[in-house]
Amino acid sequence: MTDAARQALELDALLALLGRYTYSALGQACLDQWAQEPLAASPEEAVRRLEETGEAVEWLRNADSPDQRNLTPLPRFQGLRNVQPATEQLGVDGFAMEAHDIFCLLEALERADETRGRLWRERARRPKLGQHADRIPEFGELLRELGGKILPNGDLADHASSGLARVRRQIERQRQVVHESLERFVRRHFDEGRLRDDYSTVRNGRSVVPVKASWKGQIEGVVHAASSTGQTVFVEPLETITQNNKLVSLLEEEQREILRILREMTEKLSERDEDVRVAVKTLANLELIFAKARFGYEFRCCLPRFSADELKLEWARHPLLEDVLRRKGRKVEPLSLRLAEGRNVLVISGPNAGGKTVALKTVGLLALMARSGVPIPAAEAVFPWFEQVLADIGDAQSIEASLSTFSAHVQMLRDMLEAATSRSLVIIDELGGATDPQEGGALGVAVVDSFLDQGAFALVSTHLPLLKVHAANNERIVSAAMGYDEATLSPTHKLLVGVPGRSAGLSMAARFGLPESVIARARAAMAEQDEQASELIGKLHARVEENERKQEQLRIAEQRLREREREILREAEQNEKRKIAELEKRFQHAVREAQVANSEALKQALEKVEQAEAGRRALANAQRALARTQRESTERLQMAASEALGKAAPATMVAPAAELREGSHVKLGGFGAQGKILRKIGDDRWEVQVGQLKMQIRSADVSEILDQAPKGFRGGLPDGVTFKPAVERDPSALQEINVIGRTAEEARAEVDKFLDEAALAEVRRLRIIHGHGTNALRRSLWQMFAGHIHVEKYYQAEAREGGAGATIVEMRLD
């Protein structure tokens, strides 16, 4: 794109229009930077920009819809300052940012964090925008650490540091001391007539009193300033100087603490300087995307497509013209055209002020907008990928360069012919104008044919008959005309594709008030052939306009048909909703009836469960009573055995006590029993298994150490001593149970039996392994534990014992 094309097609005016849709200084700065080089470098880049903008437009449209359920709020950009220059200061050693800059930067990071979350929630529906969320780092910890220390006005909050809070308390107390000192001074001297007023003020950072100039030498103190009239001097009393000095010293200490805090905050931000820059840049780019989206939404735009060899526009409007007319309550006339299949040149003719130039500018500007990734104000838009756009629009004469209008026009044509390729869009207003019509027409024909040979897309406007005839007779050129209303002698601004246009110069002259006699002479001077050609073109226009009217009627009929179709669909949808609502009503009624029946059945089942639970509790009480009885019997038997050992005559040791060890088989003296030593439990104390009885002995109670267990040895009591204990399991096997994979009912039954066995074995602490899953198994077991007779308390296991996948049960053994 040349500078001349950018200026002629008013691209900068469009970018200024986009600026109205930014919300913040950060977004405007991003737009200004993008405006320096707005065109995308490749079709892929342009398509990516358009897809992002399209997702943003859809988000805006959803936000305006009545149904906003499950809708994530739009990203907020309002009020953001341009903090990009501040981010460039990060990372400089020893540098302290201004408090206001830090506040604005933290505000931007907080907004970036919020935007990141909103984009993540919309990621499934808006994947292109969601990619921007990946670029925004997480700043939660940094914001919690630094947030709130700086107030919106740029002052540091008292709680920014304990040192700042302390020195500010001291400053307030010292100010009060100074104020009280000055008040005493004023009360003492005001009645003497030496003071101008009975108040104190501040000059040059010092607290002073207004003294009449004539008494200046009578007041001991330092003069800091005088009034503009010289009638009053502001004196710091001698008795207040020391207090003022202390106040100034505290204020300086406050500034040092503020500087330290700001430097520390700057260092914290500098530790993540690259993340901060990326977040701010991404936030600015997102605001630019949403600015384009708001423009597209308000101007009812479409997303253009790119094609290899087709230029197509349906109901396209010039955005700048539409903006102007909209403010006046008027509508812009849309245009539609198509260039494809080797017909790459459009020649537009028609009356002056009929809209030829606007049509050229519309196509050229929309082509630049598509290349820039901006939505197009049209119903449909298709463009080839134009690597350059060349434009010659308006009067380019230059007195300084000694160029006439035609000379400047010819130089532009030369430059365009040299630069044009098959990837170029060429736009020329009034081709061959400003010179002799015959020569200008011939020049126009040659230029148009050259662009055809180069394969460039070209749009030209002209009044020259030779060029209009050439366009009408060349199958590779599309003719178009701007409409003209013969009844009102005024242009309609409609683009009629397929026919040449009438210049209607004499009619326009009559409309603008040229004398009728002059118009009559002009018509008489026209050649008969020209008059006939004009009449023929007029008839063609009448036919085209009639076709246009019929097409418009057809379009309206189709639109009404579509509206009726949508109405039928809405009625069908409403009927379907009514049917569904009726079915839901019936379903709810059936559910309520089922719930009532289920409640009654559940009540009966609960009564049976309570009866069964009462029976289970009774059985458990009986089992506990039996266990106590057996425990007491065992204790009595152990006491009897011990007494028997004590009364027995000492046995002669066949081996020293040192030979006793775990696993030795021994014979107990006097008692006559044989057993197995299980473990040593103290100095000269051993635990012995005698049959199913465990007892404690000393080495003196051993009469014989057997090298090996006697044949068929099982250990037992002496003849005549019998005891039959309850069936018992190894206590170590009763410390945990695994019910993973069981149903809730199966698990409750197994654990209930396990608790009973553990109670009989006097195991105090159990681990129940039930796994994580949906926690249904855990909830069922905990309900049982809550009312179980053997359970003292229960709680989740620690992480090393299984965490939430296991429960610890402490047993009630009394």
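Here are a few things to note about the model shown:
- Measuring r between the beta carbons of LYS268 and ASN204 and using R0 = 35 Å, the FRET efficiency lands at 0.45.
- Treating r as the C-beta distance of ALA25 and SER162 and R0 as 30 Å, the FRET efficiency rounds to 0.30.
- Computed over segment 738-784, Kirkwood Rh from alpha-carbon pairs, angstrom: 11.1
- Efficiency of FRET from Cβ geometry, HIS100 and VAL278, R₀ 22 Å, rounded to 0.05: 0.45
- Taking one quarter of the surface of the C-alpha convex hull of segment 82-129 gives a mean projected area of 4.2 nm².
- When each of the peptides 595-605, 408-418 is scored by how many other beta carbons lie within 10 Å of its residues on average, the order from highest to lowest is 408-418, 595-605.
- Packing-based ranking of 225-231, 313-319 yields 313-319, 225-231, ordered from highest to lowest mean Cβ neighbour count within 10 Å.
- Pairs of C-alpha atoms in segment 79-200 farther apart than 24 Å represent 55 percent of all such pairs.
- Between segment 140-175 and segment 39-66, the alpha-carbon center distance in angstrom: 43
- For LYS753, the lysines whose Cα falls under 25 Å of its own Cα, not counting residues fewer than eight places away in the same chain, are LYS608, LYS724, LYS793.
- Long-range amide H partners of VAL345 with built H, under 5 Å: ALA458, VAL478
- Based on the Kirkwood approach, the hydrodynamic radius assigned to segment 1-122 is 17.4 Å, with every pair of different Cα atoms included.
- Neighbourhood net charge (12 Å Cβ-Cβ; Lys/Arg +1, Asp/Glu -1) for ASP134: +3
- Volume of the convex hull of segment 275-408 (Cα atoms only), normalised per residue: 195 Å³.
- Full extension of the chain segment joining LEU71 with ALA799 gains 258.1 nm, where the gain is 0.36 nm per residue of separation less the Cα-Cα distance.
- Here ASP197 sits with roughly 60 square angstrom of accessible surface, probe radius 1.4 Å.
- Segment 344-473: proportion of alpha-carbon pairs further apart than 22 angstrom, %: 36
The values are calculated or read from the model by the stated rules, or taken from the named source; none is laboratory data. Everything quoted here is computed from the prediction, not taken from an experiment. Neighbour counts run over all protein chains shown; Cβ positions are idealised from the backbone, glycine included. In case anyone asks, the SASA skips ligands and DNA or RNA and just uses the protein heavy atoms, side chains included. Shrake-Rupley method; radii C 1.70, N 1.55, O 1.52, S 1.80 Å.
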